[in-house]
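Worksheet: one structure, shown below.
Any read-out appearing in this document is the output of simple, stated calculations on the displayed coordinates, not a laboratory observation. Because the structure is a prediction, the values reported are computed rather than measured. FYI the Cβ positions are ideal-geometry reconstructions off the backbone, even for glycines, and counts take in every protein chain you see.
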């Protein structure tokens, strides 16, 4: 498929986004990047043996941090006057990483819900979900599926020149409107609706099971708290981080296809869409809560990671070393 990447007489000229969007994205990215990096460090260096649930969570953390190369470019792009200065390749890379990050998070969150339901509700039955080789194969299959689905958009969605300004993945790229529409319609069901329904079903069944559970034993009581925490966090991620970006993108491409002259509508929808992209990145800050509720071992290991980095920061801080030396010297004086 080939597209003319120049626009003559565009119906609506792109406008600068509200300053809230790049500012909030920068804050969310920094917090999410730190939490995802600490989680990956905890998984990789502080656990010798992984259970099947931990395998899924590690891959979820990988999908979260995959946005790291693209996020600074997006922040700069959103802050500038609608101009993408980084060239076509980095624009295509941004689209590719956005796809991997967004749908990777959705698929691995769905696996977390399915795994939690099977290992808690079907605890006494033999389950292939407890087999590490099977779970690793499933996760590898998800990554292969993501890459295969993201590659076409890497080659199709390109930059456009509008009034001597370069655009990258903007709703005003009218020659790309059909591609955006097709992309949204093709991915809405396998990329969100089906995973969301699977997750809601699993967590609903898990919730009914937990409510009826006898919590007289401390072990079952702890399992109830962990499961309820995971249910709450997962549903918040789906409803706050995943749903708005899917709906706003679909509405935007429909309006662009049917009413391209409605500029004020498009401007409002565009701001909502990019604000929803910021919300989509909030999942990087919320996903570590899933790991936290999953097991006490992760809580203890994550606390150990934080303590390790605190000690390292104190040793690297000259003022801290000076204060320490003074403090240790006082008793001998």
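Figures for the structure shown
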quantity	calculated
Highest to lowest packing among 148-158, 34-44, 299-309, scored as the average C-beta count within 10 Å	34-44, 148-158, 299-309
Cα-only radius of gyration and Dmax that characterise the range 20-319, units Å	20.9, 70
Length added when fully stretched, residue 194-residue 134, from 0.36 nm per residue minus Cα-Cα	19.4 nm
Alpha-carbon Rg with Dmax, taken over the range 28-116, Å	15.4, 50
Whether the range 47-170 is rounded, prolate or oblate, judged on the alpha carbon gyration tensor where a/c under 1.5 counts as rounded	prolate
Euclidean distance between Cα centres, the range 265-295 to the range 92-136, Å	19 Å
Extension reserve of the residue 222-residue 147 stretch, reckoned as 0.36 nm per residue once the Cα distance is removed	23.2 nm
